[in-house]
Each structure stands twice: as structure tokens, then as C-alpha cells.
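Report on one structure; see the data block that follows.
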Amino acid sequence: MNLNNDIKKILVTEEQIKARCKELAEEINKDYADKKPILLSLLRGSIPFVAELSKYITIPIQFDYMKASSYHGGTTSSGNVAVTILPSYKLEGRHVIVVEDIVDTGFTLSTVMKILAESKPASLEIATLLDKPAMRKVTDLSIKYIGFSIEPEFVVGYGLDYDELYRQLPYVGVLKEEIYKK
Ligand code: IMP
């Protein structure tokens, strides 16, 4: 059993992700010099992205985590967002960068941003590895750092799952159709 055999095509390679993370980190280094931002990663999908991105961030940063999910094993968004883990740090007066794997309809991040805004951070921005702009259903979301904009198809790898699998693949790819029928 090799998960790589379930992939129909690779959309974004490991090398492309690494190169883009270096570029985004340089922007963050400039934008947040002397601000000691909190990288607030959304579990579970953003872990590989935040790990790669943060390698190239040279200013002081802190890590925090929260969990919000809207998918329940399928491939379409339910719009029902459950926040089950809240950040540990006090966010008031802090510069917060929410790190996400992918923005699809935008329901998840829109809910998360509203909850976080109540803590009165000094600033609140979003960094996402992937964006599917054609799928967007919320209009009030502004994303400061985008790794790659992709077509509206379901992808796995680099933190993204199908039925909680494939997150460890070092690239972003599309599954073969027969996998969904299993
Ligand atoms: P949204 O609320 O529709 O923007 O969905 C965001 C969440 O849905 C992401 O954090 C992912 O967990 C999941 N998601 C959206 N598109 C995909 C995909 O193509 N593959 C895997 N998960 C996805």
C-alpha cells in the first residue's frame, strides 16, 4: 500500500512549495519586523505549511493553535463550522497571523476571524498555502499571504486530507476517481 499510487496528478510540487514559503517568509520578515507576531495555525491541516513557512522567518515569532472544522469526511463544505480548540495565548494587543491550509468557501476562516477579533488583537491577517477563489461564498475575507491559487478541484497532501488520510504527502495532488468510490 503506497498512498502515492492513489494520486492522479501533482498540482504543486514540494520544490514549488518550498520556494513559495521562502518568498512569503521574506514578506512576513519585512511586514512584522519588531512586532513578534503569533503564527496561529488551524489544526490539523496547516501543520506542514507552518513548519515549512516558519523555517525561513527570521524575526521573533510565537506559535499557537486552534481547531475549527467544517468538513465531515466528504469533499464539499457544510458551512457548519465547529471551533473545538481555542488559542492558548492572550491575543489582546498582539499581531496575529492565522495560518490555514486552504481557503475554499471561506466559511471556516470567516467564523474564525470573527471569534479572534473579539480578543482585540493589534492586527489580524491570514496566510494560506492554497486558495480556491472560484469556490468562495463569503465576501468579507481578505487574505494577505497566499501560497498558490488553484482551480476549484479537491486536492490532498501537504496537510490536506481526504477522510483524514494523505496529509503526509510532500506535495499537493488530485486523487484518482476510484478512490472516492471505495
Ligand atoms: P472553507 O470553510 O470552505 O473555506 O473550507 C476550509 C477547510 O475545508 C479547509 O481548512 C480544509 O480542511 C477543507 N478543504 C477545503 N477544500 C479542500 C480540499 O480541496 N482538500 C481537502 N480539504 C479541503
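The values are calculated or read from the model by the stated rules, or taken from the named source; none is laboratory data. All of these numbers come straight from a predicted model, not from anything done at the bench. Please note: Cβ atoms are built from the backbone with ideal geometry, for glycine as well, and neighbour counts cover all protein chains shown. What goes into the accessible areas is simple: the full protein's heavy atoms, side chains included, and nothing from ligands, DNA or RNA. Shrake-Rupley method; radii C 1.70, N 1.55, O 1.52, S 1.80 Å.
Quick look at the numbers
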| read-out | value |
| --- | --- |
| Carbon plus sulfur fraction of accessible area for region 40-182, probe 1.4 Å, in percent | 53 percent |
| Reciprocal mean inverse distance between Cα atoms of the chain - Kirkwood radius, Å | 16.7 Å |
| Mean Cα-pair separation over length for the chain, i.e. relative contact order, pairs under 8 Å, 6 or more apart, % | 25 percent |
| Per-residue HN-Hα couplings for region 86-97 [Karplus 6.51, -1.76, 1.60; θ = phi - 60°; Hz; x = Gly/Pro] | 9, x, 8, 6, 7, 8, 4, x, 9, 8, 10, 10 |
| Charged-residue dipole, Cβ positions (Lys, Arg, Asp, Glu), region 99-182 about Cα centre, Debye nearest 20 | 140 debye |
| Between helix 107-117 and the chain: long-axis angle, C-alpha atoms, 0 to 90°, nearest 10 | 10 degrees |
| Accessible area per residue, Å², region 1-54 with all protein chains present, probe 1.4 Å | 52 Å² |
| Helix-only CD estimate at 222 nm, as mean residue ellipticity for the chain, using -39500 (n - 2.57) per DSSP H run (n ≥ 4) | -7000 deg cm²/dmol |
| Lysines with Cα under 20 Å of Lys114, excluding same-chain neighbours fewer than 8 positions away | Lys67, Lys90, Lys137, Lys144 |
| Accessible area in square angstrom per residue, region 67-182, 1.4 angstrom probe | 49 Å² |
| Entries of Lys22/Lys181; Lys35/Lys55; Lys30/Lys176 with Cα pairs more than 29 Å apart | Lys22/Lys181; Lys30/Lys176 |
| Straight-distance crosslink candidates among aspartates and glutamates, where the alpha carbon sits under 17 Å from Lys36 and sequence neighbours closer than 8 are dropped | Glu26, Glu27, Asp64, Glu92, Glu125 |
